[in-house]
Amino acid sequence: MRSLVMGACLSALLLGGGVTAVQADETCNSPFTAALIKGQEEYLHVWTLGMKGLGDESDKLVTIDVIPGSATYGKVVNTISVGGRGEAHHMGFTDDRRYLWAGRLDDNKIFVFDIQDPANPKLHKTITDLADKTGFVGPHTFYALPGRVAVQALSNSKDHTGKTGIIVFSNQGEIVSTHPMPGTEMGGDAYGYDIGINPNQNVMLTSSFTGWTNYMMDLGTLVKDADAMKNFGNTMAVWDYKSMKPIKVLSVPGAPLEIRWSLKPGDDWALTATALTSKIWLVRKDDKGEWQAKDVATVGDPAKIPLPVDISIAADGKHLWVNTFMDGSTRLFDISNPEAPKQVYTKKIGNQVNMVSQSWDGKRVYFTTSLLGNWDKKGEENDQFLKLYDWDGKELQERFKVDFVALKLGRAHHMKFSARPNSKAIGSTMEVYRSLLN
Amino acid sequence: MKALARAVFVAAVFAGLGVAAGGALSGSASRQAGHTKLTSPLGLPPVPEKYAVLPVDKIELGRKLFFDRRLSFNNTLSCAMCHIEEDAFASTQSKRAIGMEGLTLRRNTPSVLNSVYQKTLFHDGHESHLDLQVWLPLLAADEMANPSMGYVLDRIEGLDDYKARFERVYAAEGISIHSVGDAIAAYEATLLSGNSRFDRWHFGGEKQILTKSEMAGFEIFTGKGGCSSCHLIGKDAALFTDHLFHNTGIGYRASMHSDREYVIPLAPGVETRMLRHEIDAFGEKLRNDVGRFEVTLNEDDRWAYKTPSLRNVSRTPPYMHDGSVATLEDVVEYYSSGEAAKHATNGKLKRLDLTPVERANLVAFLKTLDGDDRGRR
């Protein structure tokens, strides 16, 4: 009850109190995340899929020291194996940044890591009853709300299609509410993927991917299955964030995935990329104040299914990194005019590449390789690594590589930065909320 | 040791009672309270005696086990996650079933409806006992992936909500290899689907219930198309199967032909095309499948698969043992155009050369085979 009141209080403060939208990310965290790391990140946590035949074969949280000059710079300093392979995927902080929630899309376990000592995370709690309690499966996005964590699921326990919903947990791991995705009654497909909130506009955007059957299936088998290929989301939904009610469904064909609001003060637009149709879409209000989605750029040659996957927006809203999984390349788009993004740079990172995370100042860009256990390439093509590059505005220069196969770790997937509690790296945008939480 | 003791016990039960362990349900049982007598709907033969009268508690226990995801190694899969109730207890989402950790099974999910009448189970017929069948998916590494029978029994024993239920139905035996399979088989036996529009027309005497097109399709089915030579229609009932195994060319084509082009839908109205070898560059290669030959080692059984029942066929796309044919129209075209005759190696299939109207009528007839489902939750 206390946390519910606190959550309501914080929401009111953010929505009604006219607080400027808190700049998010390094650079994709929820705007409600405290202690953004605006300086040098110190540790990188990689949620890693166990790989059959490699090491202990278990999913694990891998922590890497990224403090320049440190004796263990660029080295793995901690691993926590959580047991089994459950399709480890994405992570997200609680709003106070004390805990890191990490989900598995197959067995629906949610692992809550205490990262107070970021060099030595501890497994604090495991949530195992998501499917039983909600009927939703595939916990994907973990998005901090005040005193809460919103979890976007991908599927359901009844038929493993993409029909799903959002579950709101308290920071302590209790389910507070559930919210089904908008279905045909609103022109939606009931699918889910990512969450992106703009508190200034009281708007939450969601995107849509596919259900368990497709995301667990081998990618080659999937593209040879024309009917299964039709089971992808083709919409985004606009929600009234405060009431958690969907208010409009936008047509965005071809599996719109990551949602990134521009972080530049005064901007009220977001971008997404569609994995199957290889487009960048802009979501913003039209002249009449209606939210609309617009196809604004093409990524690579859509006929070859380059699969744009993760994207990372610069804090100043001027550039967007777009990774294309199939050709293992990253592409930088100039989005100064979000109506017409232009590709200005490309570089091959490996045989495959999925996630991209840039530092707040955009000078460091991290890449990992794994997309989904059964979507990753096979044999020699199955690169699994973390790479850090320096970005000088013209060229990516590789700083270090951690080979997750050579180190017997597994498939490198989602990344999150952390820093020691008194680090100078941490920004100070959330003091007001932290004082309330304390 | 515990599991071994159980296995010995079950073997003794089987040895003593014959394989019809469920035969504990004698005729007198039907007169006892708390039992259900299964009467077959119009168009289906009588329910086999072994399952004709079943304790209600046993059916309920089997239903609970059938839908319970906790029976898979990672709590993700149940019988019902592939045999989806709303999809006529088949799966329409993918060509082949998707199992443990997303592994692709070799074959399409068959419907469980009317499985009580099947003489063999699975597309290649490698099991013949309904009450033993469940142990194969429970233990298969690419399905529910439990490491052993004892592991499954221990897990059920460790779940609070099963103990009393097993004691009620299997007082002396408790949770055992036999009782788990027997309870699930009892539930599956209740999943009967008949009384289709075809049944009402053909067996029920409702002569006006089919359209002219559907009736013309029936004529193709039993005449020019030759469909009923394998998909049998009996005098009083029809299961639309001869229970035999035939090579219709689908398996041969998959095993022996190396490349083909795939049309890949990317979004409504947007598609691209890729060759199989291009897709294989990033995906898994198909596991080979030689059908019934794998069970009998008889050369004549190469790429032969069991004749599926056609009941509810419109509700269970995609088609063929590997789900490689998307629609009923495509199935009819496959046989009509001579593709089947070209790839089938036994020479029994002929090019049909059906006209477009005949093909449409045949599809219309097939859609009259949707039944009403009993035993649903």
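The values are calculated or read from the model by the stated rules, or taken from the named source; none is laboratory data. Since the structure is predicted, the reported quantities are computational estimates derived from the model, not experimental observations. Cβ atoms come from the backbone with ideal geometry, glycine included; neighbour counts cover every protein chain shown.
What to note about this one:
- Residue check, B:Gly174 small (Gly, Ala, Ser), more than 17 Å from the chain's Cα centre (by Cα) and crowded, with 21+ Cβ neighbours inside 10 Å: no
- Pairs with Cβ under 6 Å, 6+ apart, first in the stretch A:77-99 and farther than 27 Å from B:Asn75 by Cα, second charged (D, E, K, R): A:Val77/A:Asp65
- Selected residue (criterion: nearest to B:Leu275 (Cα to Cα)) from residues of the stretch A:201-233 that are more than 8 Å from chain B (Cβ to nearest Cβ) and β-branched (Val, Ile, Thr): A:Thr210
- Yes/no for A:Ile313 being farther than 22 Å from A:Tyr143 by Cα, away from chain B (no Cβ under 14 Å) and in contact (Cβ under 8 Å) with a residue 60 or more places away in the chain: no
- Filtered residue count, the stretch A:141-156, keeping only those that are of a type in the set (Gly, Ala, Ser) and closer than 18 Å to A:Ala88 by Cα: 3
- Unmet criterion (only one of (1) away from every other protein chain (no Cβ under 14 Å); (2) farther than 28 Å from A:Met415 by Cα) for A:Asp268: (2)
- Summed over the stretch B:66-94, the residues that are at the interface with chain A (Cβ under 7 Å from one of its Cβ atoms) and among the polar types (S, T, N, Q) give a count of 5.
- Checking the stated criteria, B:Thr222 turns out not to satisfy the condition of being over 19 Å from the mean Cα position of the chain (by Cα), among the polar types (S, T, N, Q) and more than 30 Å from B:Lys119 (Cα to Cα).
- Residues satisfying the stated conditions in the stretch A:362-379, i.e. within 14 Å of chain B (Cβ to nearest Cβ) and not in a loop (DSSP other than H, G, I, E, B): A:Gly379
- Taking first residues from the stretch B:66-85 that are under 18 Å from B:Ala189 (Cα atoms) and partners that are surrounded by 20 or more Cβ atoms within 10 Å (Cβ to Cβ) and among the basic types (Lys, Arg), the Cβ contacts under 8 Å between residues at least 6 apart in sequence or on separate chains come to B:Ser78/B:Arg69.
- Residue that is farthest from the chain's Cα centre (by Cα), among those in the stretch B:99-144 that are aromatic (Phe, Trp, Tyr) and in a helix (DSSP H, G or I): B:Trp135
- If the condition is being farther than 28 Å from B:Ala238 by Cβ and more than 8 Å from chain A (Cβ to nearest Cβ), then the stretch B:104-120 contributes B:Leu105, B:Arg106.
- Residue selected from the stretch A:221-250 under the condition more than 12 Å from A:Phe209 (Cα to Cα) and of a type in the set (Ser, Thr, Tyr), by the criterion farthest from the chain's Cα centre (by Cα): A:Thr221
- Looking only at the stretch B:323-366, and only at residues there that are modelled with pLDDT of 95 or more and at positive phi, the one that is farthest from the other protein chains (Cβ to nearest Cβ): B:Asp353
- Considering residues of the stretch B:305-331 that are assigned to a strand (DSSP E or B) and buried (at least 22 other Cβ atoms within 10 Å of the Cβ) only, the residue nearest to the chain's Cα centre (by Cα): B:Lys306
- Enumeration of residues in the stretch A:230-246 that are within 25 Å of A:Ala275 (Cα to Cα) and in contact (Cβ under 8 Å) with a residue 12 or more places away in the chain: A:Asn231, A:Phe232, A:Gly233, A:Asn234, A:Thr235, A:Met236, A:Ala237, A:Val238, A:Trp239, A:Pro246
- Selection count, the stretch A:246-278, where residues are β-branched (Val, Ile, Thr) and over 14 Å from A:Thr324 (Cα atoms): 4
- Residues within the stretch B:41-55 that are surrounded by fewer than 19 Cβ atoms within 10 Å (Cβ to Cβ) and either part of a strand (DSSP E or B) or in contact with a strand residue (DSSP E or B) (Cβ under 8 Å, 6 or more places away or on another chain) (or both), tallied: 2
- For A:Lys248, the conditions (1) closer than 28 Å to B:Gln93 by Cα; (2) more than 10 Å from chain B (Cβ to nearest Cβ); (3) buried (at least 21 other Cβ atoms within 10 Å of the Cβ) are fulfilled apart from (3).
- Filter result (farther than 16 Å from A:Gly196 by Cα, modelled with pLDDT of 95 or more and small (Gly, Ala, Ser)) within the stretch A:270-309: A:Ala275, A:Ser278, A:Gly289, A:Ala297, A:Gly300
- Selected residue (only one of A:His179, A:His140 is of a type outside the set (Ser, Thr, Tyr) and in contact with a Leu (Cβ under 6 Å, 6 or more places away or on another chain)): A:His140
- Qualifying residue in the stretch B:205-225 (condition: surrounded by 20 or more Cβ atoms within 10 Å (Cβ to Cβ) and within 22 Å of B:Ala52 (Cβ to Cβ)): no
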